[in-house]
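The next block holds one structure in the form of structure tokens; read it before the comments.
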Amino acid sequence: MSVPAFSDISKSANDISRSHEAIRHPHGGLLRHLQDKTQSADRAPLLQLLNKDFYHLSAGTIEVKSNTPNNVAFKVTGKSSHDKATSGNLEGKYTDKSLGKSPISSSSSSESSRTSSKGSAHYKRSRKKPSSLSCSISRITVPGPRAWPLEFALLFRDNQPPTLLTTCRRVLKTGLTLTQTWNTANALESKVELADSIAKGLKAEGVFSFLPTSQSRGAKLNLHFKQNIFHGRAFFDLLKGPIANVDAVVGHEGFLAGASAGFDVNKGALTGYSAALGYTAPVYTASITATDNLSVFAASYYHKVNGQVEAGAKATWNSKTGNAVGLEVASKYRLDPVSFAKAKINDRGVAAVAYNVLLRPGVTLGLGGSFDTQKLDQATHKVGVSFTFEG
């Protein structure tokens, strides 16, 4: 069982849905349910149960996703708020999937030798040139269980063409991802990710932002390191402070313990700290967190009752504001393989419902509403609709 990040310690680290299960769409065709696949990737069922797929937050949302053969993914998102304000976001993401697919190889006198034999008569008549030996090395192998990539070539030049004596190439299973985002606020953001290159389980991210209207710039460095019983992260804001935020979680047989802290380098002082304890099992999870300098306490519980029903609850108490405890309860019911319904209610009497259905492969419809049960006669209710197109 993998150890979650600190921000996910109150959420199950297990998949709550069958992300790779093929199901038959009622209109024909074999497909995989998009919502199940998304939930499996996020691996955060409690957060999804309480916050995800409730469409009343925006009056209208449309999202278009597409993928190209050269590993570039595009996503366009448009939203219309209940205040009649619109916003949009364009994202392009490139993943270098070729990395890690070149195995260690060795060869001798191959293609160039065959070429040489074809033109042997021509070279016999040519004036013989001095022989030469050249060696080409790209990157050096570092001894140890985790070696750096190695590229090595040894060529023997006897007249022309050169004869390839031997070559060796090794590329680690690394992942390079480049993401560029541009939204209607004219904010630009570039993100570079490199995973499992420096060390196994280590992912490095560089996030660079620019706002042309105010000439505001941002640069952040994020490090994620994950092992079987440990998950640590470090976030550095290089242009503000600089400020460092670090957190770590250790786990053993389902028990989790984590802590986080923020540090301002210029001031030499802590900016905040938090702690959390949790227990996770294949079908349920429970946790207690203390955030905001151990002043805000939260207890949460999630349970996957069966393949159709999920339930969860979260209670929050802020020791600085009084004795009132906030409570939120949510449930999800899968109606059939391509649709589900959700409902939640909090201690203030605000209830929300949602319905999600896969109309056809690549087209998803979401409907949602929020109702204040204490003010049913007032115009405080909200409804929303969402369309997602994926190709």
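Just to be sure I understand, how many residues within the stretch 273-294 are at positive phi and either open to solvent by less than 50 Å² (accessible area, probe 1.4 Å) or of a type in the set (A, V, I, L, M) (or both)?
Start the filter on the stretch 273-294 by keeping residues that are at positive phi, which leaves 292-294.
Checking which are either open to solvent by less than 50 Å² (accessible area, probe 1.4 Å) or of a type in the set (A, V, I, L, M) (or both) leaves us with 294.
Residues flagged as at positive phi and either open to solvent by less than 50 Å² (accessible area, probe 1.4 Å) or of a type in the set (A, V, I, L, M) (or both) within the stretch 273-294 amount to 1.
For the stretch 343-379, which positions are charged (D, E, K, R) and either touching a Phe, Trp or Tyr at 6+ places or on another chain (Cβ under 7 Å) or open to solvent by 80 Å² or more (accessible area, probe 1.4 Å) (or both)? If you could, list the steps in order and put the result at the bottom.
Here is the first cut: in the stretch 343-379, the ones charged (D, E, K, R) are 344, 347-348, 360, 372, 375, 377.
Listed by number, the residues that qualify are ASP347, ARG348, ARG360, LYS375, ASP377.
Considering only residues that are touching a residue at least 40 places away in the same chain (Cβ under 8 Å), assigned to a strand (DSSP E or B) and over 29 Å from ASP377 (Cβ atoms), which ones fall in the stretch 353-363?
ASN356, LEU358, ARG360
Name the single residue, out of those in the stretch 247-275 being small (Gly, Ala, Ser) and part of a loop (DSSP other than H, G, I, E, B), that is modelled with the lowest pLDDT.
The extreme case among them is GLY268.
Output the number of residues of the stretch 307-327 satisfying the condition of being under 15 Å from THR289 (Cβ atoms) and among the hydrophobic types (A, V, I, L, M, F, W, C).
So the first thing to find is which residues in the stretch 307-327 are under 15 Å from THR289 (Cβ atoms), and the list is 312-319, 325-326.
Checking the rest, the ones that are also among the hydrophobic types (A, V, I, L, M, F, W, C) come to 313, 315, 317, 325.
The total comes to 4.
Go over the candidates ILE62, ILE23, ILE9 one by one and state the one that is at pLDDT below 50 and not charged (D, E, K, R). Talk me through it step by step, then tell me what you get.
Details: ILE62 fails: at pLDDT below 50; ILE9 fails: at pLDDT below 50.
Within the list ILE62, ILE23, ILE9, the selection yields ILE23.
Restricting to the stretch 191-213, name every residue that is open to solvent by 70 Å² or more (accessible area, probe 1.4 Å) and either part of a strand (DSSP E or B) or over 27 Å from PHE255 (Cβ atoms) (or both). Working first, answer last.
Here is the first cut: in the stretch 191-213, the residues open to solvent by 70 Å² or more (accessible area, probe 1.4 Å) are 198, 200, 208, 213.
Hits for the stretch 191-213 are ILE198, PHE208, THR213.
Regarding the stretch 295-304, can at least one residue be identified that is at pLDDT below 95, out of contact with any Ser or Thr (no Cβ under 8 Å at 6 or more places or on another chain) and either surrounded by fewer than 16 Cβ atoms within 10 Å (Cβ to Cβ) or of a type in the set (Ser, Thr, Tyr) (or both)?
Scanning the stretch 295-304 turns up no residue that is at pLDDT below 95, out of contact with any Ser or Thr (no Cβ under 8 Å at 6 or more places or on another chain) and either surrounded by fewer than 16 Cβ atoms within 10 Å (Cβ to Cβ) or of a type in the set (Ser, Thr, Tyr) (or both).
The values are calculated or read from the model by the stated rules, or taken from the named source; none is laboratory data. These figures come from a predicted structure and were not determined experimentally. Don't worry about glycine lacking a Cβ; one is built from the backbone with ideal geometry, like all the others, and counts go over all protein chains shown. For accessibility, only protein heavy atoms count, side chains too; no ligands or nucleic acids. Shrake-Rupley method; radii C 1.70, N 1.55, O 1.52, S 1.80 Å.
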